[in-house]
Amino acid sequence: SQQGEEDPQALSIQEGENATMNCSYKTSINNLQWYRQNSGRGLVHLILIRSNEREKHSGRLRVTLDTSKKSSSLLITASRAADTASYFCATDRGSTLGRLYFGRGTQLTVWP
Amino acid sequence: SQTIHQWPATLVQPVGSPLSLECTVEGTSNPNLYWYRQAAGRGLQLLFYSVGIGQISSEVPQNLSASRPQDRQFILSSKKLLLSDSGFYLCAWSGGYNEQFFGPGTRLTVL
């Protein structure tokens, strides 16, 4: 079963706008990760946030984590057409064995 | 630098035929290796993971098996494919329990 549940399932915005995607999960975690997938390609790691962190930044990406609500958000600021992709959150379900469990993803479309 | 290869890139196979997908990693030693399947428009389902040669753990019962004959080689197999085995198969490696690095994937269509 899917560990993460991203919402919205699809998001369509104009270039320059901000895009916010959310992820909820059900178990304890050591860390939560966000990945990006261009159509028909492999996934690319974007950012990892540990359970004792509340916010993390990487370039135009901002990730928050609320372990009390078991939720995370990914914000992409000043979006570009090249940001069009599917975005997935993944958790380790508290395991240290390296396994990841992915959500169904949010399909982001950025119109020029 | 590390790279991960998968082949073939696409595959069309009849129901009941065997399957062998290969994944190899370069530039790292003793990686954790993973096989995922992604159905159309869906998230990734973890199928198998391996922490060392000959050490394979299965996440879900299914028609597939995996083997790790060498440190940096991971093979996904089936003796008889089912229609439901169609999907996008992704191999990934990690150095521990941090980020995973994915290969380009294999698109499998079972007819």
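Points worth noting:
- Fraction of C-alpha pairs exceeding 16 angstrom in chain A: 55 percent, rounded to a whole number.
- Charge tally in the Cβ shell below 14 Å around B:A40, where Lys, Arg are +1 and Asp, Glu are -1, B:A40 excluded: +3
- Taking 1.002 mPa s as the viscosity and 20 °C as the temperature, the Stokes-Einstein diffusion coefficient of the protein assembly as shown based on its alpha-carbon Kirkwood radius rounds to 120 µm²/s.
- Of A:V44, A:V110, the order by accessible heavy-atom surface (1.4 Å probe, DNA, RNA and ligands excluded), from most exposed downward, is A:V44, A:V110.
- Apolar share of the accessible surface for chain B: 53 percent from carbon plus sulfur atoms, 1.4 Å probe.
- Heavy-atom accessible area order for A:T64, B:T106, largest first, 1.4 Å probe: A:T64, B:T106
- Cross-link partners for A:K26 among the lysines, with Cα-Cα distance under 22 Å and sequence neighbours closer than 8 places in the same chain left out: A:K56, A:K69, A:K70.
- Distance from the Cα centroid of region A:13-80 to that of region B:1-71 is 26 Å (rounded to whole angstrom).
- Among the trypsin sites (Lys or Arg not before Pro) within region B:45-89, those in coil by DSSP and having at most 13 neighbouring Cβ atoms inside 10 Å are B:K79, B:K80.
- Accessible surface of B:C23 - all protein chains present, 1.4 Å probe, nearest 10 Å²: 0 Å²
- Average other protein chain Cβ within 10 Å of Cβ, residues B:39-52: 4
- GNM flexibility winner over chain A from A:R54, A:R93, A:R41 (Cα, springs under 10 Å): A:R41
- Solvent-free Debye scattering, log10 I(q)/I(0), computed from the Cα coordinates of region B:4-47 at q = 0.17, 0.19 Å⁻¹: -0.69, -0.83
- Judged by a Cβ-Cβ distance under 4.7 Å, the protein assembly as shown has no unpaired cysteines; every Cys finds a partner.
- Positive minus negative residues near B:T109 (Lys, Arg vs Asp, Glu; Cβ under 14 Å): +1
- Partner shielding of A:94-103 amounts to 6, given as the average count of beta-carbon atoms from other chains within 10 Å of each residue beta-carbon.
- With bins 10 Å wide beginning at 0, the percent of Cα pairs of chain B falling in each bin runs 15, 51, 29, 5.
- Each Lys or Arg adds one and each Asp or Glu subtracts one; over the other residues with Cβ under 10 Å from the Cβ of B:L19, this totals +1.
- Whole-number accessible area per residue in Å² for region B:1-92, which is evaluated in the context of all protein chains at 1.4 Å: 47 Å²
- Using heavy atoms of the protein chains and a probe of 1.4 Å, the accessible area assigned to B:S20 is about 80 Å².
- Minimum 40 Å² accessible area buried by the other protein chains, region B:78-111 residues, probe 1.4 Å, relative to alone: B:Y97, B:N98, B:E99, B:Q100, B:F102
- Protein accessible surface hidden between A and B, which excludes ligands and nucleic acids, total in Å², probe 1.4 Å: 1800 Å²
- For region A:15-112, with all protein chains in place and a probe radius of 1.4 Å, 46% of the accessible heavy-atom surface sits on carbon or sulfur.
The values are calculated or read from the model by the stated rules, or taken from the named source; none is laboratory data. Note that the structure is a prediction, hence the values are computed from the model and not measured. Neighbour counts are summed over all protein chains in view; Cβ atoms, including those assigned to glycine, are modelled from backbone coordinates with ideal geometry. Please note that ligands, DNA and RNA were not included when accessible areas were found on the heavy atoms of the full protein model with its side chains. Shrake-Rupley method; radii C 1.70, N 1.55, O 1.52, S 1.80 Å.
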